[in-house]
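S.K.: Once you've had a glance at the structure underneath, I'll fire off some questions.
The values are calculated or read from the model by the stated rules, or taken from the named source; none is laboratory data. Owing to the predicted nature of the structure, the values given are computational and were not obtained by experimental measurement. Cβ atoms come from the backbone with ideal geometry, glycine included; neighbour counts cover every protein chain shown. Accessible surface is based on the protein model in full, side chains and every heavy atom, while ligands, DNA and RNA are left aside. Shrake-Rupley method; radii C 1.70, N 1.55, O 1.52, S 1.80 Å.
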Amino acid sequence: MIVRKRAGPVAVASGNGSRAVEVAVAKMTGGSLPVDAAVAGVNLVEDDPNDTSVGYGGLPNADGVVELDSCVMDGPTHLAGAVAALRNIKNPSQVALKVMRRTDHVLLVGEGALRFARAHGFKEEDLLTERARKRWLRWQERLSEHDDWIEPGGNALPKKKAAGAKPDKDRKEERDPGTIHLSALDASGRLGACTTTSGLSFKIPGRVGDSPLIGCGLYVDNDIGSAGATGRGEAAILANGSHGVVENMRRGMGPEEACLEVLRRVDHYTRIQRLLDDKGRPAFQLTFYAVNKNGDYGAASIYPSRFVVCTGDGARKKRTRPLYESR
Ligand code: ASP
């Protein structure tokens, strides 16, 4: 289903972005650039200790340290900024904005990103909440085979595509994914976007997901549209997913169809046994969100999910178009 709404303001985001899209639209109505409006919106979620997938309160890596990934992209200048594996700074999206505006680079990682943030006066703080620490401790205590180290042969193809491993329930329960992506279009046709996350919980320290990678967790082309991703970052990286969504829109697809087409490719290329469920389908979730230059928007996911949109009259929750109707 393509939802028609001529031009902006429009803000579309992952399901955890209800307030974020409202803030983003209010900012754009007040004259902010979409990229700044997107960051202002996602900051609410980064600051929220109860969202365990983003910013402060995010679930930590395998060492119990919160490491954040974020990127921003500005349509009018076609510039982007990103930080990966950034520690101790609550709002990585704001640091990503600084990378875009105050360096000649696109991506800073780890210690270098932290030093850059310090130089710009960002306050360092412990991002690990008690709630997140307890979740991590529980994970540690039950580790066994549920980490991200794979034994030799563990990435093998199945004998037949339809004979995947049974999804591991414990692993799924404890590693709830999450991220916020927000794409924004203003009334004068400018586009901008931001994606921010604490990444996959209990990840190998230093692991970088799709969220800070331009073309994977987010992509903006001011002539065409903006797109972003949440879900299994490795799959979004291998598909160069957000770039693919924008390129599909360039070829004339509506936002929802553009997202779905990339998911079909993800499905096609998901081949190794441990990533398949017992029906031979991806054993993970991945969602793409998109808005085009006309203000049409949409989202699609491997399995049913929700997204939010705001066009000025409050946030509305909507269903994504799923590739498969049920898990
Ligand atoms: N895409 C994020 C990552 O892989 C996680 C998520 O959205 O659930 O780091």
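S.K.: Out of the residues in region 191-232 that are among the basic types (Lys, Arg) and open to solvent by 10 Å² or more (accessible area, probe 1.4 Å), state the one that is nearest to Leu107 (Cα to Cα).
M.R.: Just the residues of region 191-232 that are among the basic types (Lys, Arg), to begin with: 203, 207, 232.
Filter again for open to solvent by 10 Å² or more (accessible area, probe 1.4 Å), leaving 207, 232.
Working: Arg207: 15, Arg232: 21 Å.
Among those residues, the one meeting the criterion is Arg207.
S.K.: Which of the residues spanning region 44-56 are of a type in the set (Gly, Ala, Ser) and either at pLDDT 85 or above or assigned to a helix (DSSP H, G or I) (or both)?
M.R.: Step one: list which residues in region 44-56 are of a type in the set (Gly, Ala, Ser), which gives 53, 55.
If the condition is that a residue be of a type in the set (Gly, Ala, Ser) and either at pLDDT 85 or above or assigned to a helix (DSSP H, G or I) (or both), then Gly55 is the only one that fits.
S.K.: Something else now. Would you please list the contacts, defined by Cβ atoms under 8 Å and residues six or more apart or on different chains, that run from a residue in region 206-229 that is farther than 23 Å from Pro60 by Cβ and among the aromatic types (Phe, Trp, Tyr) to a residue that is open to solvent by 10 Å² or more (accessible area, probe 1.4 Å) and more than 10 Å from the ligand (Cβ to nearest atom)?
M.R.: Tyr219/His243
S.K.: Sticking with this one: Look through region 294-319, keep the residues that are free of Cβ contacts under 8 Å to residues at least 40 places away in the same chain and part of a loop (DSSP other than H, G, I, E, B), and return whichever of them is least open to solvent (accessible area, probe 1.4 Å).
M.R.: The extreme case among them is Tyr303.
S.K.: For region 152-176, which residues satisfy the criterion of being open to solvent by 60 Å² or more (accessible area, probe 1.4 Å) and modelled with pLDDT of 65 or more?
M.R.: The answer is Pro152, Gly153, Asn155, Leu157, Lys159.
S.K.: Across region 84-97, which residue is nearest to Asp74 (Cα to Cα) among those that are surrounded by 20 or more Cβ atoms within 10 Å (Cβ to Cβ) and free of Cβ contacts under 8 Å to residues at least 40 places away in the same chain?
M.R.: Out of the qualifying residues, it is Val95.
S.K.: Take the residues in region 275-293 that are open to solvent by 60 Å² or more (accessible area, probe 1.4 Å) and either within 16 Å of the ligand (Cβ to nearest atom) or out of contact with any Pro (no Cβ under 9 Å at 6 or more places or on another chain) (or both); name whichever of them is farthest from Ile180 (Cα to Cα).
M.R.: Taking region 275-293 first, the residues open to solvent by 60 Å² or more (accessible area, probe 1.4 Å) are 278-279, 293.
Filter again for either within 16 Å of the ligand (Cβ to nearest atom) or out of contact with any Pro (no Cβ under 9 Å at 6 or more places or on another chain) (or both), leaving 279, 293.
Values: Lys279: 29, Lys293: 21 Å.
So the residue we want is Lys279.
S.K.: Let me ask something else. Out of the helices (runs of 4 or more DSSP H) lying entirely within region 199-273, which hold 2 or more residues that are away from the ligand (no atom under 15 Å from the Cβ) and farther than 29 Å from Gly154 by Cα?
M.R.: On the way: elements: 233-239, 241-250, 255-269.
Fully inside region 199-273 and qualifying: 241-250, 255-269.
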